[in-house]
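Peer 1: Take this structure first; my questions come after.
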Amino acid sequence: MGKMKLQYLWVEKYRNIENTGFNFSSEFKFSYNKYTKKLIYDNNKDYVDNFFGENIDITAILGINGSGKTTILEFIMRILNCKCVNTNYIIVFYNKETKAFLVYHTGIICNGSEFDIVNLKKDDSGYRFPEEFKREYFAIYYTEVFSEKSNNSFSDNSQSDLSPINMLYKYEDEKSIRSLIIKYRSEIIQNQLEFIANYKEIICDAKINFNKNCVIYFKSYEDMIKKIEKCYEEERNQIFKYRELDIKDDPRIEVYQKHHNKCLELENKYDVKSIFNDFLPITNDIGRQAFVERITHAVFCSLISELKKPYPFLFNGGGEFNLNNVIDIIGKVMSEAKLSTEIVTKIDRMIKFVEYLKDENLQTLSVPDNDWGIWSFVSFDNYIAFLKYLKIFAERYDGLNNWDIHKPIILPINSESEISALKFHSFYSKINRYLDFLDFSYGLSSGEMAFLNLFSKANKLLKLIKCHNNVNGVTLIIDEADMLLHPEWQRIYINSLVNFLKKVYGEIYIHLLIATHSPIILSDIPKQNIIYLRCASDATTVVDSSTVHRESFGSNIFTLFNDAFFLPQGAIGEFAENKMKELLNDIKNGNNKNNITKIKQRIELIGDDFIKKQFIDLYEEKFSSLKSDSKDIKIKELEDENEKLRKELEQLRGTAND
């Protein structure tokens with residue numbers, strides 16, 4: 001197919017878009033006439049080839065909220081991911097190798113000898129893009145906005161949607177909001193660690209203030225202990241609840257009756273709460289053993305939470321399994337530990353405990369898909385792998401000599417080292433399904449994290465893209481690109497992103513579609529690469545001609561702000577504007593000398609020198625006419641100024657003494 005570049009989109013009717021065309025290329029300018037059904041184009045004589053790089057193009061979409069930026073991006077994602085749409089449209093690509101245009105349309109073009117034309121067919125659901133195109137051209141959506149948009153709007157392939165809401169949709173089989181969020185957070189952290197470990201130079205280029213280490217804290221340890229103490233009581237309450245059900249011939253009643261009898265039997269034999277402490281006692285507060293004891297406690301709590309959460313009891317074939325089985329297995333492990341030289345540490349006990357669970361209850365435990373809900377699974381192998389890694393970690397990591405529960409574990413992020421945050425989290429992320437007991441932090445700001453999220457998610461997706469041998473192009477859509485970014489981060493955004501794409505994506509052609517409100521970002525993009533949107537009086541989307549706007553590339557940011565497109569009502573905040581109107585009225589109507597000082601104080605708050613000068617002139621003109629009071633006014637002003645200076649002096653002296 002050759003390297004394909006998105007050129008043009010025309011849409012007849014989709015939400016607030018009606019009979020509108022959008023040019024995504026600065027090399028050619030297309031237009032479509034709905035009445036003559038003719039598609040034409042012109043070459044842009046000012047086009048600069050490879051302006052952003054040999055395999056990179058950038059198109060910015062600019063407009064106020066509600067002007068249709070996200071709607072356009074959503075429509076592109078839908079058609080390029082082969083989802084049906086029920087409207088006529090035209091989409092044009094340019095093959096950079098064959099120098100030919102490839103035009104897909106819904107039967108609304110009558111000319112086309114100069115184009116390679118594909119007439120899309122309509123089925124009962126609407127028009128659908130050809131599947132073979134998707135195998136060679138990727139459309140990726142990225143945003144930090146947590147909105148109602150989902151992969152159901154964009155794509156059947158959840159991998160192509162990197163928005164927070166879609167990443168949560170991937171875990172829709174989880175049984176609780178908590179487990180869903182834990183999964184999402186784990187994937188984000190793993191993506192970040194993998195990116196940092198492999199692309200440290202990009203982190204430096206992007207000026208992310210990263211200290212090369214990851215800090216790991218235990219979360220509330222007391223909460224984990226309470227979970228264990230509640231487990232047995234929850235089991236009993238659940239059993240009593242179903243014993244009271246008056247359902248004839250329901251097999252659950254018989255099962256719960258057996259469980260209830262066993263609970264009573266065990267309560268007579270054991271102190272259930274203390275049995276867990278006998279199994280994994282806490283005997284050290286400081287040092288290597290303290291870490292081992294607390295991490296095994298946490299893993300045990302995590303496993304019990306996973307066994308308990310998805311279902312009230314577990315089946316193994318026709319047998320039964322519940323928390324009482326856990327207590328029985330603990331007894332087996334304790335007995336075996338007294339005789340075995342292999343079960344030495346508490347981690348060894350936990351490994352043996354999980355192996356018993358796996359052997360007796362198979363690798364997946366499930367509840368039939370009936371009144372209890374969807375199938376849920378427990379992977380004991382992941383727990384065993386993490387525990388074996390913890391044994392190595394506890395022996396080799398030097399930072400545990402003086403460790404206590406309140407001190408962090410500080411690990412380097414190194415893809416090659418066994419004792420690294422990347423390796424640690426890769427094991428941990430597979431077992432923290434219901435109990436996220438560790439916190440991973442790099443000490444970054446929200447803006448730095450936004451940068452890191454973009455880079456790390458795009459890097460993760462690259463692995464998927466490179467699995468395809470014939471990738472001919474990628475459209476990377478970034479919605480609300482300036483979100484969470486300080487102005488300085490906006491200033492370096494395009495440069496950092498281009499450098500990242502060059503290093504990571506290499507020879508793959510990338511077309512960036514960036515929706516933004518930021519004139520700072522636009523100062524890195526030529527005007528011919530910008531689509532200006534506005535709302536018509538009927539709320540439909542209108543494309544503004546770029547000729548009515550200033551050149552954006554290399555322009556002073558304040559000049560861009562003064563473009564009427566950004567601030568049609570002026571360059572001052574509405575609250576400030578109203579306050580200055582009030583001030584103007586007070587000056588004009590002022591005749592009370594007690595208010596004169598307050599008026600002067602309000603004038604001093606104005607930051608713009610020119611505007612302040614106008615108010616000062618009005619003030620002096622108005623109040624200098626009060627001849628009899630002018631001396632008193634001046635005295636009052638000087639007294640107020642003296643009091644202000646006295647307070648500042650006291651504050652400075654107090655600071656010096658500290």
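The values are calculated or read from the model by the stated rules, or taken from the named source; none is laboratory data. This is a predicted model, so every value here is computed, not measured. Backbone-built Cβ (ideal geometry, glycine too); neighbour counts: all protein chains shown. All accessible areas refer to the heavy atoms of the entire protein, side chains included, with ligands and DNA or RNA removed. Shrake-Rupley method; radii C 1.70, N 1.55, O 1.52, S 1.80 Å.
Peer 1: Accessible surface of Lys219 in the full protein assembly, 1.4 angstrom probe, to the nearest 10 Å²?
Peer 2: 80 Å²
Peer 1: Using only the heavy atoms of the protein chains and a 1.4 Å probe, how would Cys110, Cys535, Cys82 rank by accessible area, largest first?
Peer 2: Sorted by accessible area, descending: Cys110, Cys535, Cys82.
Peer 1: Under 5 Å between amide H atoms, partner at least 5 residues away or on a different chain: which partners does Ala100 have, H built in plane at 1.01 Å?
Peer 2: Asn95
Peer 1: Using θ = phi - 60° and the Karplus form 6.51 cos²θ - 1.76 cosθ + 1.60, what ³J(HN,Hα) does each residue of the stretch 110-123 get, whole Hz, x for Gly and Pro?
Peer 2: 9, 9, x, 5, 8, 10, 8, 9, 10, 8, 6, 9, 9, 10
Peer 1: Please report the accessible area of Lys38 (heavy atoms, 1.4 Å probe, ligands and nucleic acids excluded) in Å², nearest 10.
Peer 2: 110 Å²
Peer 1: Over 27 Å between Cα atoms: which of Lys588/Lys636; Lys212/Lys391; Lys134/Lys200 fall into that group?
Peer 2: Numbers: Lys588/Lys636 20 Å; Lys212/Lys391 25 Å; Lys134/Lys200 32 Å.
Correct reply: Lys134/Lys200.
Peer 1: For the stretch 458-544, what is the accessible area per residue in Å², given a 1.4 Å probe and the full set of protein chains? Don't skip to the end; give the middle numbers.
Peer 2: On the way: 3130 Å² over 87 residues.
Accessible surface, normalised per residue, equals 36 Å².
Peer 1: Along the stretch 403-411, what does the Karplus equation 6.51 cos²θ - 1.76 cosθ + 1.60 (θ = phi - 60°) give for ³J(HN,Hα), rounded to whole Hz, x for Gly and Pro?
Peer 2: 6, 9, 4, 8, 9, x, 9, 10, 10
Peer 1: Scan the stretch 399-500 for GluC sites (Glu not before Pro) in coil per DSSP, keeping those whose Cβ has at most 15 other Cβ atoms within 10 Å, and list them by number. Mind dumping the intermediate values first?
Peer 2: Working: sites: Glu416, Glu418, Glu448, Glu480, Glu488; in loops: Glu416, Glu418, Glu480.
Here the GluC sites (Glu not before Pro) that fit, given the DSSP loop and packing criteria, are Glu416, Glu418.
Peer 1: What is the set of long-range amide H partners of Thr475 at a cut-off below 5 Å, with H atoms built 1.01 Å from backbone N?
Peer 2: Phe138, Ala139, Ile140, His511
Peer 1: Whole-Å semi-axes of the stretch 416-469's equivalent ellipsoid, largest first, each the root of 5 times a Cα gyration tensor eigenvalue?
Peer 2: Details: eigenvalues 103, 67, 31 Å².
In descending order the semi-axes read 23, 18, 13 Å.
Peer 1: For the stretch 1-157, what relative contact order do you get, as a whole percent, if you take Cα pairs closer than 8 Å and at least 6 residues apart? Show your work: numbers first, answer last.
Peer 2: Working: 246 pairs, mean separation 39.5, N = 157.
Relative contact order of the stretch 1-157: 25 percent.
Peer 1: For the stretch 83-143, what % of the accessible area comes from carbon and sulfur atoms, probe 1.4 Å?
Peer 2: On the way: 1160 of 2710 Å².
Carbon with sulfur: 43 percent of the solvent-accessible area.
Peer 1: OK, next. At 1.4 Å probe size, with every protein chain present, just tell me what the per residue accessible area of the stretch 27-168 comes to in Å². Please list the in-between numbers first.
Peer 2: Values: 6180 Å² over 142 residues.
Result: 44 Å² per residue.
Peer 1: So, one more: Would you work out what percent of the accessible area of the stretch 20-65, with all protein chains in place, is carbon or sulfur (probe 1.4 Å)? If you can, show how the numbers build up before the last one.
Peer 2: Values: 1130 of 2420 Å².
Accessible surface attributable to carbon and sulfur in the stretch 20-65 totals 47 percent.
Peer 1: In whole percent, what relative contact order does the stretch 462-514 give with Cα contacts below 8 Å and a gap of six or more residues? The partial results should precede the final answer.
Peer 2: Details: 32 pairs, mean separation 33.3, N = 53.
Dividing the mean separation by the residue count of the stretch 462-514 yields 63 percent.
Peer 1: Lys3's amide H: which non-local residues (gap 5+, or another chain) put their own amide H closer than 5 Å, with H modeled 1.01 Å from N in plane and none for Pro or chain starts?
Peer 2: The answer is Lys96, Glu97.
Peer 1: Using only protein heavy atoms and a 1.4 Å probe, report how much of Ser113 is accessible, in Å² to the nearest 10.
Peer 2: The value for Ser113 is about 120 Å².
Peer 1: Of Ser26, Ile64, Asn50, whose Cα points farthest to the positive end of the dipole of the stretch 18-73 (charges on the beta-carbon: +1 Lys, Arg; -1 Asp, Glu; origin at the Cα centre)?
Peer 2: Checking the options against the dipole of the stretch 18-73, the answer is Ile64.
Peer 1: Convert each backbone phi in the stretch 74-87 into a coupling constant with the Karplus relation 6.51 cos²θ - 1.76 cosθ + 1.60 (shift: θ = phi - 60°), then list the ³J(HN,Hα) values in order as whole Hz, x for Gly and Pro.
Peer 2: In residue order, the calculated couplings are 5, 5, 4, 4, 5, 6, 6, 9, 6, 9, 5, 10, 10, 8 Hz.
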